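A short worksheet on the structure shown next.
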Amino acid sequence: MIDYGKILTGTITGVKWSGIRKFFDIANTMEGVISLGVGEPDFPTPWKIRNCAINTLQKGKTRYSSNWGLAPLRSEISHYLNRKYNISYSPESEILVTVGGSEAIDACLRVIVEPGDEIIIPQPSYVCYEPITQVCGGVPVIINTKAENDFKVTAAELKEKITEKTKALILPYPCNPTGAIMERKDLEELSEVLKDTNILVISDEIYSELTFGGATHVSPASIDSLYERTVVINGFSKAFSMTGWRLGFVCGPEPIISQITKLHQFAIMCAPTTSQYAAIEALKSCDEEVREMMEEYDIRRRIIVKGFNDLGLTCREPKGAFYAFPSIQSTGLTSEEFCEKLLYSKKVAIVPGTAFGDSGEGFVRASYCYSTEHINEALERIGEFLKEIK
Amino acid sequence: MNKAILKLLKKNARMTNEEIATALGKEVDEVKAEIREMEKSGLIRGYKAVIDWESIEKSSVSAIIELQVTPKAGYGFEEIAERVSKYPEVESVYLMSGVYDLNVVVRGKSFQEVAQFVAKELSTMESVTSTATHFVLRRYKDFNVDLGVKDPDERGTVSL
């Protein structure tokens, strides 16, 4: 009988499954659950974008595109980044269209990580950076960001983690799950630590359109001294509600982007062409639609934050992304206990903070990609739950 | 006038002043005062539920009736429009551009009842020169609310 253990690599089998997979399996199969659990917008993709895709399908525009992505799309991305974040990249050599931000993260790590290389990863954060680093033979070095610092990476924390083996720093801001953002001065402080090093900044800006309360997203690449060492990753999933279209992009210095493109050319060929046409429409004509969605998120954000605070679960004001990250420490339960009990007793699904790293302990993530009625109902049930466990 | 408040109420007129205040980051008293002001000035004319009558009552029928009328000297269409509006069966009255003048939405218990209403009440009015009745077979969307089958949330319950 074949021994699959002899076939699979030790690096992939050595990567741990997420501990909360079981909880997810239960939550996803339980009936009648009211969820604040998902990490994707509830809005359908704006009709203009869908209609544009339908038109290109009708015309039979269904071939491979250039490896880099459609030229008009790269050009629109270049305009967009300039207009929104004041960063400039050449559409010819510094922008690659990818299969979601995910492919960009994967490819970027694969072209820079050699066995033993260290990648600095702030947590709590999205779950992919650590395992991909490991698959590449790299060593994830975790910065446990703190609530009292608004879950930002501080210069001191960064300095402490840098060694001769450090290859890159991941900056996952605006942050899933904490809702934290990095302001200009925060980034400038980091740039002081990074100057004169060979450390790359991989800036995952997938939530860049989603900032609130007067805050706007600042890309590290817009800081002069960081530009040369920053790779910007972004995509269409969150801002344009296009999760299933699987479309993102990566921009940065030509020597890095060209190697990522080499890998992409062999591994992927090109991002889905229909999605690329749709994305051109998104960038060209959907500012208004994005603004409408943002307004709605902002309303929900205020309701959910006040809701948690009124229930006695301290919730900082999230400045970005679409998650509230309240503390549940006052209940004396661990994050996982809290979420499991809440799921079984009130059928409300939220995600334990520990799903995003050990430093998520004491917190839970509640998505507000839901209607206000839905959010209110979930908050009501959480309120009943809190009374019962008192 | 406060457009942000109107936008919320248009979507959900049952939102409380407290909820609106939270949603917009305002004080409750401020919201209360602004809504009262908009009610007083007649900007907000009422609050109603959007009801899918057809799903519970087999006997509910609505029709769109096109009226051609002769406008009265000195009153234009105002007088006839007001008269038509008085009937409780009439849900809405619009003055239209194009081939006919007034668009009247009528609701009744049966096709017959609506037809009778048109024949007896509307078409007999002296300035009405012709009527055309279009019965509604099915409502898919009303007041921005989808009346079709609700799509299930395809996103699942939890994802990272």
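The values are calculated or read from the model by the stated rules, or taken from the named source; none is laboratory data. Just so we're clear, the structure is a prediction, and the values are computed from it rather than from any experiment. Neighbour counts are summed over all protein chains in view; Cβ atoms, including those assigned to glycine, are modelled from backbone coordinates with ideal geometry. In case anyone asks, the SASA skips ligands and DNA or RNA and just uses the protein heavy atoms, side chains included. Shrake-Rupley method; radii C 1.70, N 1.55, O 1.52, S 1.80 Å.
This table checks each residue for (1) surrounded by fewer than 10 Cβ atoms within 10 Å (Cβ to Cβ); (2) in the same structural domain as residue B:104 (by TED's automatic domain parsing).
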site	(1), (2)
B:17	no, no
B:22	no, no
B:33	no, no
B:48	yes, no
B:59	no, yes
B:66	no, yes
B:70	no, yes
B:73	yes, yes
B:76	no, yes
Among the residues of region A:243-264, the number that are under 14 Å from the mean Cα position of the chain (by Cα) and part of a loop (DSSP other than H, G, I, E, B) is 2
When restricted to A:103, A:118, A:94, the only residue among the acidic types (Asp, Glu) and either within 14 Å of chain B (Cβ to nearest Cβ) or under 16 Å from the mean Cα position of the chain (by Cα) (or both) is A:103
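Residue-wise test of (1) farther than 30 Å from residue A:238 by Cα; (2) open to solvent by 80 Å² or more (accessible area, probe 1.4 Å); (3) modelled with pLDDT of 95 or more.
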site: B:92; (1), (2), (3): yes, no, yes
site: B:96; (1), (2), (3): yes, no, yes
site: B:114; (1), (2), (3): yes, no, yes
site: B:126; (1), (2), (3): yes, yes, no
site: B:133; (1), (2), (3): yes, no, yes
site: B:140; (1), (2), (3): no, yes, no
site: B:149; (1), (2), (3): no, yes, no
site: B:155; (1), (2), (3): no, no, no
site: B:159; (1), (2), (3): no, no, no
Note on region A:26-49: residues part of a helix (DSSP H, G or I) and among the small types (Gly, Ala, Ser) are A:27
Selection over region A:1-26 where residues are within 14 Å of chain B (Cβ to nearest Cβ) and either closer than 27 Å to residue A:240 by Cα or basic (Lys, Arg) (or both) yields a count of 3
Considering region A:27-42, residues that are open to solvent by 50 Å² or more (accessible area, probe 1.4 Å) and over 18 Å from the mean Cα position of the chain (by Cα), and then whichever is nearest to the other protein chains (Cβ to nearest Cβ), we arrive at A:28
May I ask you to verify whether residue A:69 is touching a strand residue (DSSP E or B) at 6+ places or on another chain (Cβ under 9 Å), surrounded by 15 or more Cβ atoms within 10 Å (Cβ to Cβ), of a type outside the set (S, T, N, Q) and within 14 Å of another protein chain (Cβ to nearest Cβ)?
no
Within region B:22-34, residues among the aliphatic types (A, V, I, L, M) and within 21 Å of residue A:300 (Cβ to Cβ) come out as B:23, B:24, B:28, B:31
Taking region A:206-256 and keeping only residues that are within 15 Å of residue A:102 (Cβ to Cβ) and surrounded by fewer than 24 Cβ atoms within 10 Å (Cβ to Cβ), one is left with A:237, A:243, A:244, A:246
